[in-house]
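I have placed the structure first, in the form of structure tokens, so that the comments after it can refer back to it.
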């Protein structure tokens with residue numbers, strides 16, 4: 001297998017899907033050497049079978065707003081690979097949603113889920129509907145209409161969706177309620193549910209907490225203490241909030257947050273009181289991050305991202321490709337020695353090259369942000385057993401999983417000079433698990 005030939009083939013077959021192509025290119029270049037050590041993989045045409053999704057479901061979603069106007073959006077579910085377990089992955093509601101973005105997310109999810117040690121395949125879904133500015137009733141009607149197009153292809157042993165950008169506990173609850181009525185069953189078909197009806201403790205916190213747990217493992221390899229380190233965090237939603245919460249608990253100092261309108265820089269640091277304000281602002285009132293600057297009198301930069309500020313650690317927790325080459329160069333110049341990705345593919349290939357060339361600690365999203373889907377997997381287990389575990393038990397399992405992911409990244413990513421290439425390690429570890437499962441199940 002030559003990675004360049006694989007990438008060119010994908011580019012020719014799917015010329016208008018840049019995000020998907022980017023994700024494929026990043027993985028196949030990392031695994032080329034190990035793939036070619038297994039001639040049985042090439043004989044079974046494993047790479048093409050792994051790249052192309054198993055199924056893509058596309059459907060129309062029609063809903064009515066509070067004024068009685070009828071709207072139509074697109075709905076999608078990309079079921080990428082179920083070699084190691086039921087399809088598992090989030091649902092995203094955002095105007096940017098497209099087949100390319102969902103295919104890249106489902107592709108990444110396949111390897112991320114393999115890294116968790118839990119039996120979950122990879123999938124992703126969503127719609128170009130945006131909940132921003134919509135009433136609760138409008139969001140409910142949309143979620144119910146979305147599930148009408150989705151419910152026949154999901155189930156507790158088939159495909160278990162969760163939340164993602166634009167889809168939190170409210171949206172998951174509406175979707176689960178509609179699924180329950182249509183399917184006539186109460187099963188763990190969705191994760192990220194309310195605690196009153198099957199949700200797991202610390203599921204909302206899991207992606208942010210897990211990202212910091214992985215960061216701690218990386219810092220240990222260089223005997224660095226996180227206490228007192230200034231952290232640049234992007235985003236202000238669920239992942240960013242709980243990343244900040246865990247950083248504050250450990251004595252680190254988050255100094256930035258952002259949303260699609262701009263970012264804030266608070267040189268005094270975001271403490272527990274300020275974070276509580278952010279959580280209420282974003283979760284209860286669905287406000288904008290500029291209101292933080294107005295409340296606490298700090299710097300706000302509209303239309304920009306926080307990567308030009310000085311700090312020690314960067315934790316991108318917003319969306320894909322939010323750090324480009326120029327941003328990466330600025331981060332290095334300003335003294336950042338570690339980047340741990342809370343979002344999915346937030347760094348461009350050029351940015352990643354800069355991080356690796358400078359030998360900084362760099363954790364790709366498929367490893368660092370696997371905490372969310374890990375606790376989703378634990379929620380699936382609790383639902384199957386009709387049990388609810390205490391938060392301490394879930395948190396300990398999460399720490400173990402993130403430590404195990406780090407261990408596998410070190411195993412496959414340590415280079416001859418001792419530098420740990422976490423990107424390479426994560427890709428190879430995830431690939432080998434899925435590849436062996438596919439080979440063991442024959443040509444399907």
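For this structure, a couple of remarks:
- The numbered conditions (1) closer than 26 Å to residue 351 by Cα; (2) in contact (Cβ under 8 Å) with a residue 40 or more places away in the chain; (3) surrounded by fewer than 16 Cβ atoms within 10 Å (Cβ to Cβ) are all true for residue 443 except (1).
- Members of the stretch 144-180 found to be in contact with a strand residue (DSSP E or B) (Cβ under 8 Å, 6 or more places away or on another chain), surrounded by fewer than 19 Cβ atoms within 10 Å (Cβ to Cβ) and either at pLDDT below 95 or in the same structural domain as residue 238 (by TED's automatic domain parsing) (or both), listed by number: 169
- Residues of the stretch 217-229 satisfying the condition of being buried (at least 20 other Cβ atoms within 10 Å of the Cβ) and out of contact with any helix residue (DSSP H, G or I) (no Cβ under 8 Å at 6 or more places or on another chain): 229
- A single member of 7, 27, 34, 78 is outside the structural domain of residue 121 (by TED's automatic domain parsing) and closer than 30 Å to residue 381 by Cα, and it is 27.
- Test set (1) more than 30 Å from residue 43 (Cα to Cα); (2) part of a helix (DSSP H, G or I); (3) out of contact with any helix residue (DSSP H, G or I) (no Cβ under 9 Å at 6 or more places or on another chain) - residue 436 fails condition number: (1)
- Residue check, residue 208 under 23 Å from residue 380 (Cα atoms) and over 16 Å from the mean Cα position of the chain (by Cα): no
- Note on the stretch 332-364: residues that are surrounded by 24 or more Cβ atoms within 10 Å (Cβ to Cβ), in contact (Cβ under 8 Å) with a residue 40 or more places away in the chain and not in a loop (DSSP other than H, G, I, E, B) amount to 3.
- Meets criteria (crowded, with 24+ Cβ neighbours inside 10 Å and either in contact with a strand residue (DSSP E or B) (Cβ under 7 Å, 6 or more places away or on another chain) or assigned to a helix (DSSP H, G or I) (or both)) for residue 97: yes
- Test for residue 415: is it closer than 21 Å to residue 30 by Cα, at pLDDT 95 or above and either in the same structural domain as residue 238 (by TED's automatic domain parsing) or surrounded by fewer than 18 Cβ atoms within 10 Å (Cβ to Cβ) (or both): yes
- Considering the stretch 10-21, the residues that are touching a residue at least 12 places away in the same chain (Cβ under 8 Å) and surrounded by fewer than 18 Cβ atoms within 10 Å (Cβ to Cβ) include one that is nearest to the chain's Cα centre (by Cα), namely 18.
- Every listed requirement among (1) more than 15 Å from the chain's Cα centre (by Cα); (2) part of a strand (DSSP E or B) is met by residue 119 save one, (2).
- Scanning the stretch 376-408 for residues that are in contact with a helix residue (DSSP H, G or I) (Cβ under 9 Å, 6 or more places away or on another chain), surrounded by 13 or more Cβ atoms within 10 Å (Cβ to Cβ) and farther than 27 Å from residue 364 by Cα yields 382, 388, 389.
- Only a single item in (1) surrounded by fewer than 22 Cβ atoms within 10 Å (Cβ to Cβ); (2) over 23 Å from residue 171 (Cα atoms); (3) touching a helix residue (DSSP H, G or I) at 6+ places or on another chain (Cβ under 9 Å) is not met by residue 54, and it is number (3).
- Taken together, the residues in the stretch 29-81 that are farther than 22 Å from residue 144 by Cβ, free of Cβ contacts under 8 Å to residues at least 60 places away in the same chain and outside any strand (DSSP E or B) amount to 15.
The values are calculated or read from the model by the stated rules, or taken from the named source; none is laboratory data. If you're wondering where the values come from, they're calculated on a predicted model, not measured in any experiment. Quick reminder, even Gly has a Cβ in these numbers, built from the backbone with ideal geometry, and neighbours come from all protein chains shown.
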